[in-house]
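A.B. asks: Below is a structure I'd like to ask you about.
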Amino acid sequence: MDLVLLSGRPEDTSGREEKELRTYDFLDSLGISYERVDHEAAFTMEACKAIDEVLQPAVICKNLFLCNRQQTVFYLLMIRDDKKFHTKEISGQIGSARLSFAPEAFMEEFLDITPGAVSVLGLMNDHGKNVRLLVDEDVLKEEYFGCHPCVNTASLRLKTKDVFETFLPATGHDYTTVVLTA
């Protein structure tokens, strides 16, 4: 299957999940332009390599859904795909001991996303403001980044400033910048 970068939402929406179409609707309503590549389901960073090449020069992010030990505070951590997540490194910066991966049920409840499709765009579904966004400072330095539109059968290239200056305020979310070593 040849991967092709297309501008905007798909013309033919048959067979697309409602949450994917809702993502395009939201981005379009905010006047945020984006480019899209459709692909087979991608569940791992390794499976995303060919997709990542099409999305260049976008930085590709790992999006980790985390929580505290009591499962009362939830975080979405965006880090560059070339960095490693170290619990201790993040915990000290956000004042939360013992971070771990949050149960899948919370991801679906708060973000309407399933594993393999986690992205900042899921915050549009977090009407209760249950999830706190943490962003690696190096992501913010890039002009573009890539992410899923709430499903893992498409990927988008968005301008970083559009997401942080337009999209996030429209969702009522802000973010905390974190510093991660390479």
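The values are calculated or read from the model by the stated rules, or taken from the named source; none is laboratory data. Values in this document were obtained by computation on a predicted structure and should not be read as measured data. All Cβ positions, glycine included, derive from the backbone under ideal geometry; neighbour counts span all protein chains shown.
A.B. asks: I need the full set of residues from the range 49-84 which are of a type in the set (Phe, Trp, Tyr) and under 10 Å from Val139 (Cβ atoms), in order please.
C.D. replies: If we filter the range 49-84 for residues that are of a type in the set (Phe, Trp, Tyr), which is where we start, we get 65, 74-75.
Answer for the range 49-84, where residues must be of a type in the set (Phe, Trp, Tyr) and under 10 Å from Val139 (Cβ atoms): there is none.
A.B. asks: Given the criteria surrounded by fewer than 21 Cβ atoms within 10 Å (Cβ to Cβ), of a type outside the set (Val, Ile, Thr), out of contact with any Asp or Glu (no Cβ under 7 Å at 6 or more places or on another chain) and in contact (Cβ under 8 Å) with a residue 24 or more places away in the chain, does Ser119 qualify?
C.D. replies: no
A.B. asks: Kindly indicate the residue of the range 42-66 that is surrounded by fewer than 14 Cβ atoms within 10 Å (Cβ to Cβ), over 16 Å from Asp2 (Cβ atoms) and at pLDDT below 85 and also farthest from the chain's Cα centre (by Cα) among those meeting that condition.
C.D. replies: Glu46
A.B. asks: Checking Ser14 against (1) assigned to a loop (DSSP other than H, G, I, E, B); (2) over 17 Å from Val151 (Cβ atoms): exactly one of these is not met. Which one?
C.D. replies: If we test Ser14 against (1) assigned to a loop (DSSP other than H, G, I, E, B); (2) over 17 Å from Val151 (Cβ atoms), just (2) comes out false.
A.B. asks: What residue, of Asp112, Asp138, Asp162, is at pLDDT 95 or above, surrounded by fewer than 20 Cβ atoms within 10 Å (Cβ to Cβ) and closer than 26 Å to Glu53 by Cβ?
C.D. replies: None of the others qualify; the one that does is Asp162.
A.B. asks: Name every residue in the range 7-25 that is touching a Leu at 6+ places or on another chain (Cβ under 8 Å) and within 20 Å of Glu108 (Cα to Cα), in order of residue number.
C.D. replies: Thr23 - this is the single residue of the range 7-25 that is touching a Leu at 6+ places or on another chain (Cβ under 8 Å) and within 20 Å of Glu108 (Cα to Cα).
A.B. asks: Just a yes or no: is a residue in the range 41-48 assigned to a helix (DSSP H, G or I), among the small types (Gly, Ala, Ser), out of contact with any helix residue (DSSP H, G or I) (no Cβ under 7 Å at 6 or more places or on another chain) and free of Cβ contacts under 8 Å to residues at least 12 places away in the same chain?
C.D. replies: Looking for residues that are assigned to a helix (DSSP H, G or I), among the small types (Gly, Ala, Ser), out of contact with any helix residue (DSSP H, G or I) (no Cβ under 7 Å at 6 or more places or on another chain) and free of Cβ contacts under 8 Å to residues at least 12 places away in the same chain, one finds at least one in the range 41-48, hence yes.
A.B. asks: Of everything in the range 57-102, what is in contact with a Lys or Arg (Cβ under 9 Å, 6 or more places away or on another chain), part of a helix (DSSP H, G or I) and touching a residue at least 12 places away in the same chain (Cβ under 8 Å)? Give them in sequence order.
C.D. replies: Thr87, Ile94
A.B. asks: For Leu30, state whether it is under 20 Å from Phe164 (Cβ atoms), aliphatic (A, V, I, L, M) and under 16 Å from the mean Cα position of the chain (by Cα).
C.D. replies: no
A.B. asks: How many residues does the range 1-17 contain that are in contact (Cβ under 8 Å) with a residue 24 or more places away in the chain, exposed (fewer than 10 other Cβ atoms within 10 Å of the Cβ) and closer than 16 Å to Asn152 by Cβ?
C.D. replies: Residues flagged as in contact (Cβ under 8 Å) with a residue 24 or more places away in the chain, exposed (fewer than 10 other Cβ atoms within 10 Å of the Cβ) and closer than 16 Å to Asn152 by Cβ within the range 1-17 amount to 1.
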